[in-house]
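Participant: Take a look at this one; I'll ask things after.
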C-alpha cells in the first residue's frame, strides 16, 4: 500500500487522538488528507498494557480528551467509589475506542512505523503496512516502548530475576522472594506498596524522595511543565517531572510509611551474583531487582531525520514547544512538557493548529 496525504499522525494514545480531533476541527479531511497510524492491535495506547492492580482510583490521573468526557463514555467517574474496582487497562481503552468511533478518526492498526525519511519536499513514512508520504508529521509515540534500565557493574552476574515496571503483573508473582525496588517515581512507590504486602522488600533511590503532603495545585503543575519546557527549548533531554512536583501522599502511602516500607536506602554501587553491594562494602541478598526507572521517548524511527543535537535532546519551538526547530514540518506531542495526559491534550491542539498553518503558508 502507498498513500499520499498532507499529515500523518503516528500513535493513537492521548496525544495522538487529541491531535487527530483538532485536525478534524480545522477542516483536514480524514483518510484523504490525514491518517493516524497505531502499532497496537486495539485502542487504548499504553493504558492497555498497564498492570491489573492499577485501578481508576489509584492511577495518577485520567484526563478527558477534548469533546467527550471519560464519565460519559465509560459510565464511571474516576472520583466515584466504584472506580476502585475498575481496571485502568480495561476502562481507558474502552474510552479511547468510543472516542475514535464517535469522532470518526482515521486510525489504522496494527501498523508498525519502521522509519521516517526526508524525501525532497515530503516525508516518507515506511511501515509494515506500506509506505505513506506526507507534507507534515505529528509524532505521538510516547515512551512505553522504551523502558529504561541504567547500567550498573555486575548486572550480567546476577543469578536472580531482573524486571522493569513494564513487566509487572501483580505482587503475587513475587511471593516468598526478596524484591529490591529501584526508583523514586510514583510507579515505584505504588509497586513497592503492593509487593511489600506479600513479601520482603528493599527500596533504593538515587536521590532522597520528596513527598508532597499538600494538595497538587495548578501552580505546582505549571512550575513543573515550565522547567521541562525550558529544557527542550534549549535542546536538552526532558527532565523528570516528579523531581519538581514531588510524590503525592495518598492514604496508601501513609499506610506504607507506617509499616516501614518507605525506609529508603541510597543507590548501590554494583550488582553481585546474589544481590547488590554498596560503596561501603555492605551487601544485600535479593531474589528480584525491579527497575522502576522510567522510560525514554520512543523516537528511534525518526533517526534518519537527525533531529537530535549534540547533547541528545531535540530543540523544540512553537507555542507549547511541540514543533521541531530544525524541521517545522514535524511536531512531537507527548514529548517533554506534553508527556502528561493533561499536557497531551493542549499539545495536540497546538500541534494541529501550527502544522496546518505552516503547511498552508508553504503550499
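The values are calculated or read from the model by the stated rules, or taken from the named source; none is laboratory data. Note that this is a predicted model, so its numbers are computed, not measured. Neighbour counts run over all protein chains shown; Cβ positions are idealised from the backbone, glycine included.
Participant: Would you mention how many residues in the range 65-85 are modelled with pLDDT of 85 or more and crowded, with 18+ Cβ neighbours inside 10 Å?
Facilitator: 4
Participant: For residues that are touching a strand residue (DSSP E or B) at 6+ places or on another chain (Cβ under 8 Å) and assigned to a helix (DSSP H, G or I), tally how many sit in the range 243-261.
Facilitator: The total comes to 2.
Participant: List the strands (runs of 3 or more DSSP E) inside the range 89-142, counting only whole elements, that have at least 3 residues being closer than 18 Å to residue 66 by Cβ.
Facilitator: none
Participant: Another question about this same structure. Taking the options 328, 304, 310, 337, name whichever one is over 21 Å from residue 225 (Cβ atoms), in contact (Cβ under 8 Å) with a residue 60 or more places away in the chain and either surrounded by 23 or more Cβ atoms within 10 Å (Cβ to Cβ) or more than 17 Å from the chain's Cα centre (by Cα) (or both).
Facilitator: Going through 328, 304, 310, 337 in turn, just one is over 21 Å from residue 225 (Cβ atoms), in contact (Cβ under 8 Å) with a residue 60 or more places away in the chain and either surrounded by 23 or more Cβ atoms within 10 Å (Cβ to Cβ) or more than 17 Å from the chain's Cα centre (by Cα) (or both): 304.
Participant: Tell me whether the range 279-287 contains one or more residues that are within 28 Å of residue 206 (Cβ to Cβ), modelled with pLDDT under 95 and surrounded by fewer than 22 Cβ atoms within 10 Å (Cβ to Cβ).
Facilitator: No; the residues of the range 279-287 include none that is within 28 Å of residue 206 (Cβ to Cβ), modelled with pLDDT under 95 and surrounded by fewer than 22 Cβ atoms within 10 Å (Cβ to Cβ).
Participant: What are the pairs with Cβ atoms under 6 angstrom where one residue, in the range 258-271, is surrounded by fewer than 15 Cβ atoms within 10 Å (Cβ to Cβ) and the other, located anywhere, is part of a strand (DSSP E or B) and modelled with pLDDT of 95 or more? Sequence gap at least six, or different chains.
Facilitator: Going by the 6 Å Cβ cut-off, the qualifying pairs are 265/204; 270/277.
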